[in-house]
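This report concerns only the one structure given below.
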Amino acid sequence: MNILIIYQFCTFGGVERAILNRARTFKKYHQNVHISVGYLRDYGALRSFQTYIHTNRLDDCLSAFLIQEHAMPDLNQYDFVFNIDTPQIFDRTRRARNMFVECHTPTFKNRQYLKALPKNIRGIFVPSKAFESILAKEFEQLPPLFVLPNPVTEEFFCIPSSVQDRIYPATLLAYLARVDDELKNFSEAARIFELFVHDKNIMFAVVGRGAGAVHLLSSLESRKILGKTFLRSQIDFDAAPAFVRMIKNHRGMFISSSKGESFGLSAAEFISAGVPVLLSDIGPHKELVNSDEKFIYPLGDIHSAKDKIIKILNQWDEASKTMESYGQKFHGDSFIAAWQEFLDTQQ
């Protein structure tokens with residue numbers, strides 16, 4: 001089976017990681033599926049994406065390339081074509097018989113294209129039930145909706161905890177997302193971090209596009225937390241497990257103050273590794289932790305977030321075991337079952 005995924009840009013973001021995880025899961029479960037990914041633009045991540053493919057021996061089931069401006073592939077040579085939030089190419093794909101949309105964008109404005117889908121769109125894929133509910137409420141008369149959850153790859157489930165491998169003398173609170181995106185809401189995460197400014201036993205690890213910007217450095221300095229913050233603007237796709245391992249070795253946790261998600265892949269990866277999380281109280285986040293209030297805080301309530309962080313860190317071993325149990329649903333079984341359910345509808 002040959003699948004084409006079209007996406008407007010290649011970055012170090014969650015969509016790209018979801019595609020890589022999907023390909024690895026198809027291979028692990030011996031599915032005869034080859035995914036071709038056509039990007040319209042490369043924002044500096046395509047080489048890392050392709051390197052990941054070669055390093056993980058995925059060449060037989062995944063390839064990636066740039067779609068030239070006037071050279072759209074023959075779409076009907078593929079069994080399925082999935083357009084991920086790239087409505088600008090609808091005019092060039094109207095004759096395809098096998099078109100589906102994947103909606104991953106958590107931004108309300110950016111998903112308004114769903115109001116006027118071409119007639120050849122046969123269905124819409126979403127990564128979570130919570131996001132499916134959001135779309136069903138926002139839009140009327142959509143094509144059939146299919147939930148295809150993002151799988152987490154196996155290396156996250158077997159990350160050991162080794163305090164001997166610590167780099168820093170303190171517990172790490174981690175943030176992994178764009179810091180220059182208002183929806184990701186890093187400013188609130190920074191305010192939460194600031195509440196621990198005088199706690200010598202806590203440091204911060206921030207990875208995300210925009211982390212090296214002068215205005216961000218100035219903001220962290222004014223909050224007096226720059227000196228206790230590990231900053232990286234991006235990490236390669238194959239470095240994510242090492243980052244999670246670093247947080248786990250420091251008996252740390254992952255923080256997301258996001259105002260909107262369609263799934264929350266970074267959080268799912270930390271959960272799968274047994275690293276405790278504290279997530280803002282939006283629907284997709286609640287789905288990740290089975291609506292367990294111990295790991296959810298009211299968006300905007302930074303003092304509640306601080307209290308829950310302290311409680312989680314004080315009960316880290318118990319919280320870690322809870323994460324491992326919640327992470328079971330991110331194994332490839334759930335993804336393969338959802339994929340097979342979709343294929344059954346296409347018979």
Consider only pairs whose beta carbons are under 8 Å apart and that are at least six residues apart or on different chains; among these, list those whose first residue lies in segment 71-86 and is free of Cβ contacts under 8 Å to residues at least 40 places away in the same chain and whose second residue is of a type in the set (A, V, I, L, M).
72/89; 76/96
Search segment 238-259 for residues that are on the phi > 0 side of the Ramachandran plot and pair each with any residue that is modelled with pLDDT of 95 or more and among the hydroxyl-bearing types (Ser, Thr, Tyr) when their beta-carbon atoms are under 8 Å apart and the residues are at least 6 apart or on different chains.
251/171
Could you identify the single residue in 262, 272, 218, 266 that is in contact with a strand residue (DSSP E or B) (Cβ under 6 Å, 6 or more places away or on another chain) and either over 18 Å from residue 185 (Cα atoms) or among the polar types (S, T, N, Q) (or both)?
266
Filtering segment 38-76 down to residues that are charged (D, E, K, R) and in a strand (DSSP E or B), which residue is surrounded by the fewest Cβ atoms within 10 Å (Cβ to Cβ)?
41
Looking at segment 64-77, is at least one residue in contact with a Ser or Thr (Cβ under 9 Å, 6 or more places away or on another chain) and under 24 Å from residue 331 (Cα atoms)?
no
Would segment 301-308 turn up any residue that is under 26 Å from residue 107 (Cβ atoms) and not in a helix (DSSP H, G or I)?
yes
Give 174, 190 a once-over and let me know the one that is in contact (Cβ under 8 Å) with a residue 40 or more places away in the chain and more than 28 Å from residue 93 (Cβ to Cβ).
174
It is to be established whether one or more residues within segment 84-100 are farther than 25 Å from residue 145 by Cβ, at pLDDT 95 or above and assigned to a helix (DSSP H, G or I).
no
State which residue pairs qualify: first residue assigned to a helix (DSSP H, G or I) and inside segment 318-334, second residue polar (S, T, N, Q) in any location, beta carbons under 7 Å apart, and separation of 6 or more residues or different chains.
326/290; 327/272; 330/272; 332/25
Residue tally, condition in contact (Cβ under 8 Å) with a residue 24 or more places away in the chain, of a type outside the set (Phe, Trp, Tyr), under 28 Å from residue 181 (Cβ atoms) and out of contact with any Leu (no Cβ under 9 Å at 6 or more places or on another chain), over segment 91-114
3
Output yes when any residue across segment 266-284 is of a type in the set (Asp, Glu) and more than 15 Å from the chain's Cα centre (by Cα), and no when none is.
yes
Please enumerate the residues belonging to segment 268-278 that are within 20 Å of residue 317 (Cβ to Cβ) and of a type in the set (A, V, I, L, M, F, W, C).
270, 271, 273, 275, 277, 278
Within segment 252-261, does at least one residue satisfy the condition of being assigned to a loop (DSSP other than H, G, I, E, B), at pLDDT 95 or above, outside the structural domain of residue 18 (by TED's automatic domain parsing) and more than 17 Å from the chain's Cα centre (by Cα)?
yes
Is it true that some residue in segment 219-230 is of a type in the set (D, E, K, R), in contact with a Gly (Cβ under 9 Å, 6 or more places away or on another chain) and farther than 25 Å from residue 150 by Cα?
yes
Here are 79, 85, 91: which of them is among the charged types (D, E, K, R) and exposed (fewer than 14 other Cβ atoms within 10 Å of the Cβ)?
91
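The values are calculated or read from the model by the stated rules, or taken from the named source; none is laboratory data. Only a predicted model underlies this, so the values are computations on that prediction, with no experimental measurement involved. Using ideal geometry, Cβ is built from the backbone for each residue, glycine included, and neighbour counts are taken over all protein chains shown.
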